[in-house]
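Data first, discussion second: the structure below is written as structure tokens.
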Amino acid sequence: MEELALLGDEAVALGAIHAGLTAAYGYPGTPSTEIMERLIAEYESGGPKAAWCANEKTALEAALGVSFAGRRAMVTMKHVGLNVAADPFVNGALLGIKGGLVIAVADDPGMHSSQNEQDSRFYAAFALVPCLEPRTQQEAYDLTREAFDISEQFHVPVVLRLVTRLSHARSGVRVSPQRSQNPLSKADKREWMLLPAYARRRYASLLERQAAMLDWSEKHPVNRLEIENRDRNRVVITTGLGGNYYEENLADLKRALQERGGKEPARLHIGAYPLPQNLIRRLCEGAEEILVIEEGQPLVEQKLRGILPQKHIIHGKMDGTLPASGELDPDVIRPALGLPPRPALSIPSLQDGSFALPGRPPQLCNGCPHGDSYATIKLAVEGLESVAITSDIGCYALGATPPYDIPETIVCMGASVNMAKGAADAGIQHAIGVIGDSTFLHSGITPLIDAIASNTPMTLVILDNSIVAMTGCQDTILPSENLSRLVLGLGLNPEHLLQLEAKRSNLEANAELLRKEILYRGVSVVIFKRECIEAIKKRQKIEAAKKAKPACEDRGGQA
Amino acid sequence: MKRDIILAGVGGQGILSVAAIIAKAAVDQGLKVRQSEVHGMSQRGGAVLAHLRLSDSTIYSDLVPKGEADLIISMEPLESLRYTAWLNPAGTLVSAAEPFINIPAYPELEIIYSMIRSLPRAVIVETQNLAKESGLTRAANMVLIGAASPYLPIAPEAMEGTICELFATKEPAVIDANIKAFRLGRAAAKA
């Protein structure tokens, strides 16, 4: 079949569609966003239903509904999104999954665009469901297709664990023919109502199915054991992209070992979970030393080490052989393999540090409305004692860098709202939460209910740029004009709802109005509104593309 | 045959479209391609890099190992220096001449140029002037691709075919200007 150059994320999207997907839901989050962007593009040209949701929990719940109706569904999110969706995820494992349900989670080791490095394989193990971990774009496609089959075979949700470097790397992918969608056919309701009496049976059933899942992973072709003619004394286990980086260095490793009269180590690569225990035992039979190279937190290594003393010497992230944090790459694993750095060019003044290359951290765009909003907040709190400013997840987190330097906390989606309330409860006089419009709709509404219910003296600043900017300008789930009605509907005193245009020329007037609300001893909500400049560009581009005509028929060159 | 390339620049400069054009041309040539990109937060005005690996045999890692890059293509001179540790001893650095100044302590440009020129194989291209000459000021990236093209395992005619295909929806004048920009860049690198 046709070979396409696809991002790992796009390969997942096509894999899902070709597996007979009926509907997909998600919330944007780097590095998972491009899965849904591709699915939505396909939906708009006649493909299966695909839509952004308010948050990851609502997305997963919608997918559960699709599965209940017997049809195949996918949910997409970044790793921390699975925390938000953890409730339907862990409980979903107890259901009798009918239509295949695949949860595509993109982890971000190295925190390129995230607040932590959590490893979703632990979630899959916790919920007792299978996990597939592709390491090439082709595997991303193939294993996505397979994940739906496995989900229906074992009647459980299946986790597809991706990482940044796979999601955002592009390579050729061969696709196979599209399977048709499942017919509409409801699941047995006794397997979908987690009342204690039913839930106990479901949990027992889930435990019972573990053996079959283990058997599947023991036989899975991606879990590849290579022991013939290998060094059985010092062996290697790789998982996910760790396997790629190992293979990248394999030629050098073999050469180095040959010089010393050694052989290539026996090796097991793992990409399908639950952990294939027999394969691990076979690999380690008679082995003295085991090196574990896994992308993410040390799941395999922890299991191997256990608690009690044992005869094997285990190397990995827990004994410092590999760095415990950050992502792996082809260079970082070389010392663990006993290899020196590769020879490289260098510029003496850079190498000896006599010329320090200045860093270039990300920053708010020139002319960004958030910049004006932060300048307004800065001016509004000038001279006030006892101020706390909690912020949130999104582009505006970049207000933590100079010249703004405003937020004091950035934790997780929606945290700014009730952290401001908590700070006020603790005695801070002027607690200010700062949250973007999409983050507010994702997880900011429920804490605002708490604040309004207790009439806490705090101010919530909503930065409404009418778009989900950080992840590449997805549409906000509800239009801006709904925000004020929503906030008033929660019971906010209308006198303390302000809507201001975030504009440099309004700076002083806006700051004065904001200051009044900050001084008010109750809940105020101040909405700063102006369209994101990236969103304007994107909108103009789309409009221009609609007007453009195709050309370039008679030019030479390769097709 | 393999060519490992590091593409460098500042978020928003269009590094991904440069990578995409070269990658597509390589795929059209029947080469295997792996291209690692940067999305998300660092795209907002920060330093960005992309890894592009072209080969006729299996490519294992999406990331280019340090010391393996045959070519650095940088849209910005300061950024080109950030990744010199990736260059193999026979590697080439191709950088746009124009600085992108969005940080307070941007070093003196002449010092940056002299550091680039201290490398055994380095090309600094006036991408903006040549783009102007092509008739399309936006085509600076295409000038850069042209300047890098002598170091790519892809014939210039094939690159031009790909460029044409990618701009197929644009007006013919835009396509012509892009081709001209490509040729001007190529000529500048060879001069």
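Counting only Cβ charges, +1 for Lys and Arg and -1 for Asp and Glu, the dipole size of the stretch B:118-170 around its Cα centre is about 180 debye. For a modelled paramagnetic label at A:ARG179, 7 Å from Cα along Cα-to-Cβ, the residues of the stretch A:47-71 in reach, with backbone nitrogen under 20 Å, are A:47-50, A:63-71.
What 222 nm value per residue comes from the helices of chain B, counting each DSSP H run with n ≥ 4 as -39,500 (n - 2.57) and dividing by all residues, nearest 500 deg cm²/dmol?
Working: 7 runs with 76 residues, N = 191.
Helices in chain B give a 222 nm mean residue ellipticity of -12000 deg cm²/dmol.
Label sites at A:ALA356 and B:SER114, each approximated as a point 7 angstrom past Cα along Cα to Cβ, lie 2.1 nm apart.
In the stretch A:299-458, the ratio of gyration radius to Kirkwood radius, Rg to Rh, stands at 1.16 when only Cα atoms are counted. Taking the Cα centre of the protein assembly as shown as origin and assigning +1 to Lys and Arg Cβ atoms and -1 to Asp and Glu Cβ atoms, the resulting dipole is close to 1080 debye. Computed from Cα positions, the angle between helix A:369-380 and the longest principal axis of chain A comes to roughly 50 degrees. Modelled spin-label separation between A:ILE533 and A:GLU285, with each label point placed 7 Å from Cα along the Cα-to-Cβ direction: 6.6 nm. Computed over neighbours whose Cβ is under 14 Å from that of A:ARG504, the net charge equals 0, Lys and Arg +1, Asp and Glu -1. Calculate the FRET efficiency for B:ILE101 and B:GLU157 from the Cβ-Cβ distance with a Förster distance of 45 Å, rounded to the nearest 0.05. Calculated value: 0.75. Taking the stretch A:369-539 as the region of interest, the number of lysine pairs whose Cα atoms are within less than 29 Å, with members eight or more places apart or on different chains, is 15.
Within the protein assembly as shown, DSSP assigns beta bridges of which about 25% are antiparallel (rounded to the nearest 5).
Below 9 angstrom from the Cβ of A:ALA344, what's the summed charge of the other residues (Lys, Arg +1; Asp, Glu -1)? Kindly include the intermediate steps, with their values, before the conclusion.
Values: positive: A:ARG342, B:LYS66; negative: B:GLU68.
Once positives and negatives cancel, what remains is +1.
Ranking A:ALA287, A:ILE314, A:TYR273 by how far each Cα lies toward the positive end of the dipole of the stretch A:271-347 (charges on Cβ) leaves A:ALA287 at the top. Computed over the stretch A:57-215, the range of Cα coordinates on each principal axis works out to 46, 38, 32 Å, biggest value leading. If you average the C-alpha positions of the stretch B:1-31 and of the stretch A:238-266 separately, how far apart do those two centres end up, in angstrom? Going from one Cα centre to the other spans 28 Å. What angle, in degrees between 0 and 90 and rounded to the nearest 10, separates the Cα long axis of helix A:137-154 from the longest principal axis of the Cα atoms of chain A? It works out to around 90 degrees. A Förster radius of 30 Å combined with the Cβ-Cβ distance from A:ARG224 to A:VAL411 puts the calculated FRET efficiency at roughly 0.15. In the stretch A:495-534, the ratio of gyration radius to Kirkwood radius, Rg to Rh, stands at 1.02 when only Cα atoms are counted.
Is the C-alpha gyration tensor of the stretch A:40-132 telling us rounded, prolate or oblate? Criteria: a/c under 1.5 is rounded; beyond that, a/b larger than b/c is prolate, otherwise oblate. Could you put the intermediate results ahead of the total?
Values: a/c = 2.05, a/b = 1.21, b/c = 1.69.
Taking the square roots of the gyration eigenvalues as a ≥ b ≥ c, the stretch A:40-132 is oblate.
Rounded to whole Å, give me the distance from the Cα center of the stretch B:112-154 to that of the stretch A:149-204. That distance is 49 Å.
Could you estimate the translational diffusion coefficient of the stretch A:411-488 from the Stokes-Einstein equation, with Rh from the Kirkwood formula over C-alpha pairs, at 20 °C and 1.002 mPa s, in whole µm²/s? Write down the numbers at each step before the final one.
Working: Rh = 12.8 Å.
Translational D for this selection: 167 µm²/s.
For the stretch A:199-255, a simple Cβ point-charge model (Lys and Arg +1, Asp and Glu -1, everything else neutral) yields a dipole of about 380 debye relative to the Cα centre.
Helix A:415-425 and the longest principal axis of the Cα set of chain A meet at an angle near 60°. Here the stretch A:224-337 carries DSSP beta bridges of which approximately 20% are antiparallel, counting only pairs with both residues inside. Antiparallel beta bridges, as assigned by DSSP with both residues in the stretch A:369-539, represent about 5 percent of the total such bridges. Only helical DSSP H runs with n ≥ 4 go in: add -39500 (n - 2.57) per run for chain A, normalise by residue count and round the 222 nm mean residue ellipticity to 500 deg cm²/dmol. So the calculated ellipticity at 222 nm is -11000 deg cm²/dmol. Listed by chain and number, the lysines whose alpha-carbon sits under 25 Å from that of A:LYS311, ignoring those within fewer than 8 places in the same chain, are A:LYS263, A:LYS303.
Here's the list of lysines a cross-link from A:LYS98 could span, going by alpha-carbon distance under 17 Å and ignoring same-chain residues fewer than 8 apart: A:LYS186, A:LYS189. Sorting the Cα pairs of the stretch A:163-221 by distance into bins of 10 Å, from 0 upward, gives 15, 19, 33, 26, 7 percent per bin. Normalised by 2.2 N^0.38 Å, with N the number of residues, the alpha-carbon radius of gyration of the protein assembly as shown equals 1.00. Cα extents for the stretch B:2-190 along the principal axes, largest to smallest and rounded to whole angstrom: 42, 40, 35.
None of the figures in this text is laboratory data; all of them are computed from the coordinates on show. Given the structure is predicted, the values throughout are model-derived calculations rather than measurements. In this analysis, Cβ positions are derived from the backbone assuming ideal geometry, glycine residues included, and neighbour counts consider all displayed protein chains.
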